[in-house]
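Participant: Shown below is the structure under consideration.
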């Protein structure tokens, strides 16, 4: 079954199995040492085989965002899923009801109006759906502000058909930080904000079993805070150029690369790959938007992208030739996982398996 | 088969069939009036049903970029395909050889080294592949510079196994222009550069049957130039917010929108959709990068994107409520087509058909 890397067509997404296993083991050990449950966000890989490695290392379950993603992972045998997205609507609620018959399921809510659309369907079926309240710890995307949390939590807890089981947050604002100290500060603030909300809810007589934090940059800082019970990092499983730029991992901790062919060298300082935004995505590098990926082991980076072209800026003294293959370390691993239907599991230059990206494109 | 828009889950990509037909008809008429062949770039839709509408309106064939895309469209019955990308490598050449047994096929080349990888395989099989020389008319991505064209064309024409049939260019630099006059100037320059190259090749005794231009912004200007034989616009079939911003089409000419649900209204000036970069892509608006899509008929735009969240900036006086549905006009239609496996063909609020995006994710 194994074959050489030279035998596969480019562009292709490669995932180094040994690097993945190392990343999974280290995060699992960190969670164990901190005494928190690890519930990785599987959006980064969308691959059941990778999710199983995470479970084997001690994860309590997976995090995903959308109903259709949970359907895919439930069909693949995963029995404990938290959807960290405010699911809204009776049609989605009916799908969640079917899922909740088969697996342990919880979903995020951040408004009474949204929660009511789930509550109605579950109450009619005489079932209860576990929900967690999303708290805005500074990203200002979704989530209730800390000062609104008790009010919304009480109203949600009073709805029939749902059971409030905890609070959660996502510190995506860590991706704007440019120093390790800045990232650590966001992690402490994220966890401090959420544990304070949890205390306020408990003080108001509301149940709080789970206090769930975690982005990959802040995970180790946030999980160390007393009162945190669960952590949900995603990107750590593959890592990417943004995590390296943020100082969160080393280049050798990056498991996902894109194998590409040089198709044109129109000038001494320019070479063009057959991998563009349809393979690398147009997501910017974090924390500073500089280019669209690095060429592994070479003095060049992807300076511009079209859909099918990656245009390299080549440093003086470096040369590329038409037909050679390179590996690109992309800015953002999760969005690369969402573009192609399969990835190649590799060890060094050997392709060991093809993994279907089973939850690719599941946005509903 | 038809159903109401309310019955489909969000987010979903909608394509208005009447708008598509209008766009196809107008571009076909423009090409006919200019006396040039129309070979639309099917990357915008990736849908055989839409390609058939283009053929029915008089297109001579389709343009695509990659070998695997041609394989999909050939399997769907399309018999004349030009790949406007510098295809490189013996593995791709073997796939092209199989395709060329079944359909009329031509591919782009921009270097002797690249062309030789195709030439070898076709010469061994005692076949000839039609190739066209890509000329850089100002985008500075791939393509030979005009002053290099005769030299490279002669070397390519001398290779066994290939037949040089023409020249082509893509004026992607039109997307940086901010006025109709600027876009028109790029179109005239694009066509002027390419026809001059064609004349130089003919002067050197080289065959030039096709002189092929065209981006959606420049199409009407470039096709009007004497000596141009073919035009390859893509985006016109759907249009998008960038084309409106560039002044190339009217808002009512946009056929593709994303149906999304408001899942959170955390503040008076902010609402959050269940459509993020996994549905809208993170491609910037052209020519000025401002936000990630407009909300049709509402005073709001997508200011920020995460993978699953579209964060709206809501103007004073406008209000959204949790659970309501909106339509988003995305920045770039082609990349949206590459994200989901199906689109819904609609007329007004009725869903008439589901179209499989058959060539989605075909990057090889």
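The values are calculated or read from the model by the stated rules, or taken from the named source; none is laboratory data. A quick note: this is a predicted structure, and the numbers were derived from the prediction, not measured. So basically every Cβ, Gly included, is an ideal-geometry build from the backbone, and we count neighbours across all protein chains shown.
Participant: Identify, by number, the condition in (1) away from chain B (no Cβ under 11 Å); (2) within 18 Å of the chain's Cα centre (by Cα); (3) over 24 Å from residue B:8 (Cα atoms) that residue A:167 doesn't meet.
Facilitator: With respect to (1) away from chain B (no Cβ under 11 Å); (2) within 18 Å of the chain's Cα centre (by Cα); (3) over 24 Å from residue B:8 (Cα atoms), residue A:167 is out only on (2).
Participant: When you look at residue A:268, is it more than 17 Å from the chain's Cα centre (by Cα) and modelled with pLDDT under 95, yes or no?
Facilitator: yes
Participant: Also, quick follow-up: Looking at residue A:310, is it surrounded by fewer than 20 Cβ atoms within 10 Å (Cβ to Cβ), in the same structural domain as residue A:276 (by TED's automatic domain parsing) and in contact with a helix residue (DSSP H, G or I) (Cβ under 7 Å, 6 or more places away or on another chain)?
Facilitator: Judged against the criteria, residue A:310 is not a match.
Participant: Give the residue, chosen from B:303, B:316, that is in a strand (DSSP E or B) and over 23 Å from the mean Cα position of the chain (by Cα).
Facilitator: B:303
Participant: Take the residues of the range A:220-239 that are in contact with a strand residue (DSSP E or B) (Cβ under 7 Å, 6 or more places away or on another chain) and in a loop (DSSP other than H, G, I, E, B): which is surrounded by the fewest Cβ atoms within 10 Å (Cβ to Cβ)? Reasoning before the result, please.
Facilitator: Going through the range A:220-239, the residues in contact with a strand residue (DSSP E or B) (Cβ under 7 Å, 6 or more places away or on another chain) turn out to be A:222-223, A:227-234, A:238.
Narrowing further to those that are in a loop (DSSP other than H, G, I, E, B): A:227-229, A:232-234, A:238.
Numbers: A:227: 14, A:228: 24, A:229: 18, A:232: 27, A:233: 27, A:234: 25, A:238: 30.
Of everything passing the filter in the range A:220-239, A:227 is surrounded by the fewest Cβ atoms within 10 Å (Cβ to Cβ).
Participant: Hey, among the residues in the range A:118-143 that are over 19 Å from residue A:212 (Cβ atoms) and in contact with a strand residue (DSSP E or B) (Cβ under 7 Å, 6 or more places away or on another chain), which one's nearest to the other protein chains (Cβ to nearest Cβ)?
Facilitator: A:119
Participant: Only one of (1) crowded, with 24+ Cβ neighbours inside 10 Å; (2) more than 27 Å from the chain's Cα centre (by Cα) fails for residue A:337. Which number is that?
Facilitator: (2)
Participant: For the range A:276-289, enumerate the residues that are more than 7 Å from every other protein chain (Cβ to nearest Cβ) and either surrounded by 24 or more Cβ atoms within 10 Å (Cβ to Cβ) or without any contact (Cβ under 8 Å) to a residue 24 or more places away in the chain (or both).
Facilitator: Of everything in the range A:276-289, those that are more than 7 Å from every other protein chain (Cβ to nearest Cβ) and either surrounded by 24 or more Cβ atoms within 10 Å (Cβ to Cβ) or without any contact (Cβ under 8 Å) to a residue 24 or more places away in the chain (or both) turn out to be A:276, A:280, A:289.
Participant: Please go through the range A:58-98 and pick out each residue that is within 14 Å of chain B (Cβ to nearest Cβ), free of Cβ contacts under 8 Å to residues at least 40 places away in the same chain and part of a helix (DSSP H, G or I).
Facilitator: Answer for the range A:58-98, where residues must be within 14 Å of chain B (Cβ to nearest Cβ), free of Cβ contacts under 8 Å to residues at least 40 places away in the same chain and part of a helix (DSSP H, G or I): A:70, A:90, A:91, A:93, A:94, A:95, A:96, A:98.
Participant: While we're on this one: Could you grab the pairs with beta carbons closer than 7 Å, sequence gap of 6+ or different chains, first residue in the range B:211-227 and within 19 Å of residue B:244 (Cβ to Cβ), second one modelled with pLDDT of 95 or more and in a strand (DSSP E or B)?
Facilitator: Pairs found: B:219/B:231.
Participant: While we're looking at this one, here's another question. Would you check if there is a residue in the range B:260-273 being away from chain A (no Cβ under 12 Å), closer than 22 Å to residue A:284 by Cβ and crowded, with 23+ Cβ neighbours inside 10 Å?
Facilitator: Checked the range B:260-273: no residue is away from chain A (no Cβ under 12 Å), closer than 22 Å to residue A:284 by Cβ and crowded, with 23+ Cβ neighbours inside 10 Å.
Participant: Further question on the same structure: Would it be correct to say that residue A:297 is more than 10 Å from chain B (Cβ to nearest Cβ), surrounded by 15 or more Cβ atoms within 10 Å (Cβ to Cβ), on the phi > 0 side of the Ramachandran plot and more than 21 Å from the chain's Cα centre (by Cα)?
Facilitator: The answer is no for residue A:297.
Participant: Among the residues of the range B:241-259 satisfying the criterion of being assigned to a strand (DSSP E or B) and within 14 Å of chain A (Cβ to nearest Cβ), which is nearest to the chain's Cα centre (by Cα)?
Facilitator: Only one residue fits best here, namely B:258.
Participant: Now, a different point. Taking the stated definitions as given, is residue B:110 under 23 Å from residue B:231 (Cβ atoms) and modelled with pLDDT of 95 or more?
Facilitator: So residue B:110 passes the test.
Participant: Could you please give the count of residues in the range A:322-349 that are touching a helix residue (DSSP H, G or I) at 6+ places or on another chain (Cβ under 6 Å), over 20 Å from residue B:338 (Cβ atoms), more than 10 Å from chain B (Cβ to nearest Cβ) and assigned to a loop (DSSP other than H, G, I, E, B)?
Facilitator: 1
Participant: Go through B:55, B:27 for me and flag whichever is part of a helix (DSSP H, G or I) and closer than 19 Å to residue B:170 by Cα.
Facilitator: Of B:55, B:27, the one residue that is part of a helix (DSSP H, G or I) and closer than 19 Å to residue B:170 by Cα is B:27.
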